[in-house]
């Protein structure tokens, strides 16, 4: 790693072959953008004190004897704050920004595609092939970089999927482990009263005599072998807290091979865009 201080905050897999960026770079052409993974409940700190790095990697190809080999993968980490400013310029459709004045979006005129001047009216995002947010011109999106885009903007992600920009594949993990659901017995429904039969009473009498005889045997053993029955404090796990086996449904999104653009009004809750 260069520089050497970059190793202090390197969070990738120590074994390169097991790292996702390494395998994705070998299996795909071009550059792979890998933002840091953020779960749904992540809330980032101030970016000035907690800089986010976006890993960009690609495979090195060599042609030897008519065969293409990929002996290595190289990459760099991009500083989010610095490249977000460059992204605003690259995502705009203006070729000469110095000669043209900044135009704001106006309801009566066509909206200029300027991700910097119109950052309050235009949402410009860069999403990877799996549907995860990489870059955005919205500062309130920066701490969400690395999240699945549906967690950032569910309406826009739904529109991208419905218009075939993204496809999805569903699979089932039959050996997954899940936390048990809490069972509540506080309902107000009437409960039936158990009425024992004669057979139940006879069965109960047998179990009572068997339990008494077992306790008597334990008492005799305890007197004879008292050192064998030293009590120890044992902390048992609650049955309700144990994880159980389950079947988990997994959904993976991937970028479709169709190159398309569309212009439509998207419903976004209490607004439209």
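The values are calculated or read from the model by the stated rules, or taken from the named source; none is laboratory data. It should be emphasised that the depicted structure is a prediction, and the values quoted were computed from it without experimental measurement. Please note: Cβ atoms are built from the backbone with ideal geometry, for glycine as well, and neighbour counts cover all protein chains shown.
Check region 34-46 and report whether any residue there is under 24 Å from the mean Cα position of the chain (by Cα), modelled with pLDDT of 85 or more and under 23 Å from residue 130 (Cβ atoms). No; the residues of region 34-46 include none that is under 24 Å from the mean Cα position of the chain (by Cα), modelled with pLDDT of 85 or more and under 23 Å from residue 130 (Cβ atoms). Could you tell me whether region 169-179 includes any residue that is modelled with pLDDT of 85 or more and either surrounded by 18 or more Cβ atoms within 10 Å (Cβ to Cβ) or within 30 Å of residue 78 (Cβ to Cβ) (or both)? Checked against the condition, which is being modelled with pLDDT of 85 or more and either surrounded by 18 or more Cβ atoms within 10 Å (Cβ to Cβ) or within 30 Å of residue 78 (Cβ to Cβ) (or both), region 169-179 yields at least one hit. Residue-level check: of (1) at pLDDT below 80; (2) touching a helix residue (DSSP H, G or I) at 6+ places or on another chain (Cβ under 6 Å); (3) more than 17 Å from residue 134 (Cα to Cα), residue 52 misses just (3). Quick one: would you say residue 208 is modelled with pLDDT of 60 or more and farther than 30 Å from residue 127 by Cβ? Yes. Considering only region 141-155, state which residues are free of Cβ contacts under 8 Å to residues at least 24 places away in the same chain and in a loop (DSSP other than H, G, I, E, B). Selection gives nothing.
Condition check for residue 66 on (1) over 21 Å from residue 157 (Cα atoms); (2) modelled with pLDDT under 85: one failure, at (2).
Within this structure, residue 84 passes the test of being outside any strand (DSSP E or B), modelled with pLDDT of 80 or more and surrounded by 12 or more Cβ atoms within 10 Å (Cβ to Cβ).
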